[in-house]
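Computed from the coordinates by the stated procedures, all read-outs in this text should not be read as laboratory data. Keep in mind the model is a prediction, meaning the values are calculated, not measured. Don't worry about glycine lacking a Cβ; one is built from the backbone with ideal geometry, like all the others, and counts go over all protein chains shown.
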Amino acid sequence: MTVSDQHIEAPGVEVPSLETIQEEERRYALSQWQLMWRKFKRSRMGIAGGLLVAAFYLIAAFANFLAPYGGDQRFIEYLYAPPETLRLDRQTGLYVNALETTFDKETLKSIYVMSSKTKVPLKFFIHDQPYKLLGLIETDVHLFGSGDSRYPIFLLGSDRQGRDMFSRIIIGSQMSLTIGLLGVFLSLVIGSIMGVSSGYYGGIIDNIMQRMIEVIRSFPTIPLWMALSAALPQHWPPQLVYFSITVILSFIGWTWLARQLRGRVLALREEDFVLAAQLAGADDRRIILRHLIPSVFGHIIVIATLAMPGMILAESALSFLNLGLRPPLISWGVLLQEAQNLETIRHYPWLLMPAVFISAAVLAFNFFGDGLRDAADPYSQQ
Amino acid sequence: MLAFILRRLVGMIPTLFLVSVLTFIIIQLPPGDFMSSLAANVGTSGSSMDEATVQNLRHQYGLDQPAYMQYIKWIAGFPRADFGYSLDWKRPVKDLIMGRLGMTLLLSLISLVIMWCVALPIGIYSATHQYSLSDNVLTLLGFLGLSVPDFLLGLVYMAIGIFVFNVSVTGLFSQDMETAPWSPQKVMDLANHLFWPALILGAAGMAQLIRIMRGSLLETLGQQFITTARAKGLKEQIVINKYAVRVAINPLISVMGMQLPNLISGATVLGIVLSLPTIGPLFYRALLSQDMYLAGTMLLFISLMLMLGNLLADIALAWVDPRIRLE
């Protein structure tokens, strides 16, 4: 045994093994994005949240295909039909028991009995109401359905007008999920421009901007949203209302982003790479767009993801109070308008189902955003 | 300290002025005014108001004056505690909102207290038992609290109250207590009616607090003075409660300034759902009927509460953490 083989160990000092050193060196060669991805991969909750978010948007994109019926398709024979359970048996495959309607003469209400005599088999790729897939391709194929208009399938029950809740929730995801996305996007555009320029220029621009943010932030969010939404004229077409609500939601949203970005940029402004760019003759526009915004991009994404839950919750709260979207638009909040009344909740509790979807979407975004937040600063050791 | 508070209070005046202007603009945004929505309402109920009556009423209440004159008249009354006249209720705004503002504040404060009492021990527990099963379960529960809309929790609470326990949980008093004079029983009744709404209101904030406390305590526990304390042979109990928690609690206090507005916002929606005598239902109705002085004054007062809440959080932070310098 030679001397060189032996480690000379000082107490308390760890000698890194060759692998760790190599690993360390490989880490230095990685780009910022690769580092973030490595860190994000380690958060299981974040991955799960991210996958769920992706699933939600896929559902929204193919909503018309996944929903057995159209959002406004009514089955007047089946008002307030209860949810039907999917069953499986060898011969028929997946099926539901047909609903039999009897009429209560005293309360004048329909009573539904699930009869095990008639089985309504679930058929796949059936032809029903035509729609445009992704808004482009005209088709009438739906993923599943009964294929028999006498026995519709209501997986989550039907509402006051005999419309399938499952279809409506699926289709409603389009509004609920895009309104947040659009609202966040608008906040991002305004917030990035305001925040970055406020931090970069400083002085009077910064002062005015900060005052403005302070005034807007002095308002409590929901009452301010309520007041602004109440100002939308009743006779406006639904699309205009939809767009206005996104604008209203981002009216407060951008201030958060602008504040945070300003702080980051104030710190980055003093960094050497900005000075280098200035010395190399880059103008302000180039420095902001090519150097500052990419450096804070990770944070922009994190803030955007964490802003989504608030937007989704706000849309549902506003619509629930009849101040947001209104029929004929379908969103989760609009669907919950049907469940305002205690008697309705008592007799038809399935009308609360949209709330489960709201919570699931918000939960997914929270997990996802949380994972991203930890990953966004890849240079910190943890 | 006093100088800092004074300076902050004075600094609030221009912000408050701008807020009041913006409030007035927002409240004026809907097309038409109270009289036109009144006329429309009367129209739908069968009878009708002729144009002359509408004009007369408009003149009587000063609605025919230019907007800036209306604003000046409204804001000039504030020093005299005259906040205008509610056209819908035919009463001065002041009489309508004072009790309700107090209730809103009371509900939010109780909610804040419950939030802290629950979140602090759970946060400490989670941090000291990191990655254990109970930590994971608590984290998941926290996220759930963050994700369920509070109006839904309110609805479910109301439904459970009625259909399971057969008690009406709306309002702040039981029926027989409503008109009774103040007594210990009535206070208990009020506390009973406030507890659950306050808990529901605090659900989202609680989850946030638990997370922050957990993260902050974990970070603090890794610092050298903790190692020193342990090396001195202090009991773990004391190391955590007297050393770590006192430092780790700072981020929570600065978050408090952000949570108060959320509570007040949430109280608005929850108040509407549970028909509590908070500003929520009144504000909602005022918005729909375009009762502008009522809606405007309430919006302004909520904003004021929010600003004061932020100031209080700053003061608390400076008081707890001597490292923070007031400027």
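Computed 3J(HN,Hα) for the range B:128-139, one whole-Hz value per residue from the Karplus formula 6.51 cos²θ - 1.76 cosθ + 1.60 where θ = phi - 60°, is 7, 10, 3, 6, 6, 4, 5, 4, 5, 4, 5, 4, glycine and proline marked x.
Using a cutoff of 8 angstrom between alpha carbon atoms and counting only pairs six or more residues apart, the relative contact order for the range A:197-333 works out to 32 percent.
If you take the Cα centroid of the range A:234-278 and the Cα centroid of the range A:144-166, the two points sit 43 Å apart. Considering only B:Leu308, B:Leu294, B:Leu276, the Gaussian network model of chain B with Cα springs below 10 Å gives its largest mean-square fluctuation to B:Leu308. Look at the dipole of the range B:53-206 built from charges on Cβ: of B:His59, B:Ile75, B:Asn192, the Cα furthest out on the positive end belongs to B:His59.
The angle separating the long axis of helix B:292-320 from the principal Cα axis of greatest extent in chain B is about 20 degrees. Rounded to the nearest 20 debye, the dipole size of chain B about its Cα centre is 1180 debye, using +1 on the Cβ of Lys and Arg and -1 on the Cβ of Asp and Glu. The overall shape of the protein assembly as shown is oblate: from the C-alpha gyration tensor, with semi-axes ordered a ≥ b ≥ c, the ratio a/c is 1.5 or greater and a/b is no larger than b/c. Secondary-structure-derived ellipticity at 222 nm for chain A, considering helices only, amounts to -18000 deg cm²/dmol, per-run term -39500 (n - 2.57) for DSSP H runs with n ≥ 4. Given R0 = 25 Å, the distance between the Cβ atoms of A:Arg286 and B:Leu18 translates into a calculated FRET efficiency of 0.10.
Amide H contacts of A:Thr118 (H built 1.01 Å from N, in plane; Pro and chain starts excluded): A:Ala98 sit under 5 Å, all sequence-distant by 5 or more or on other chains. Phi angles of the range A:180-194 translate, via the Karplus equation with coefficients 6.51, -1.76, 1.60 and θ = phi - 60°, into HN-Hα couplings of x, 4, 5, x, 5, 4, 4, 4, 4, 4, 5, x, 5, 4, 5 Hz per residue; Gly and Pro are given as x.
Taken along the Cα-to-beta-carbon direction at a fixed 7 Å, the label points for A:Ser295 and B:Gln237 span 5.0 nm.
Rounded to the nearest 20, the Cβ-based charge dipole of chain A about its Cα centre (Lys and Arg +1, Asp and Glu -1) stands at 760 debye. When chain A is treated as a GNM, springs tying every alpha-carbon pair under 10 Å, which of A:Thr139, A:Thr344, A:Thr20 comes out with the largest mean-square fluctuation? Among A:Thr139, A:Thr344, A:Thr20, the largest mean-square fluctuation in the Gaussian network model of chain A belongs to A:Thr20.
Across the range B:216-327, the relative contact order, built from alpha-carbon pairs under 8 Å that are at least six residues apart, equals 26 percent. When the Gaussian network model of chain A links Cα atoms closer than 10 Å, the mean-square fluctuations of A:Val184, A:Val356, A:Val334 top out at A:Val356.
For A:Ser176, neighbours were defined as the other residues whose beta-carbon sits under 13 Å from its Cβ, and their charges (Lys and Arg +1, Asp and Glu -1) total 0. Principal-axis analysis of the Cα atoms of chain B puts helix B:34-44 at an angle of about 70° to the longest axis. Under 5 Å from the amide H of A:Phe144 lie the amide H atoms of A:Phe125, A:Ile126, each residue being 5 or more positions distant or on a separate chain, with H modelled from the backbone and absent for Pro and chain starts. If one takes the longest principal axis of the Cα atoms in chain A, at what angle in degrees, from 0 to 90 and to the nearest 10, does the Cα axis of helix A:32-41 lie? Roughly 50 degrees, rounded to the nearest 10. Across the range B:8-16, rounded Karplus estimates of 3J(HN,Hα) from the backbone phi angles (6.51 cos²θ - 1.76 cosθ + 1.60, θ = phi - 60°) give 5, 5, 5, x, 6, 4, x, 4, 4 Hz, Gly and Pro being marked x. With contacts taken as Cα pairs under 8 Å and at least 6 residues apart, chain B reaches a relative contact order of 27 percent.
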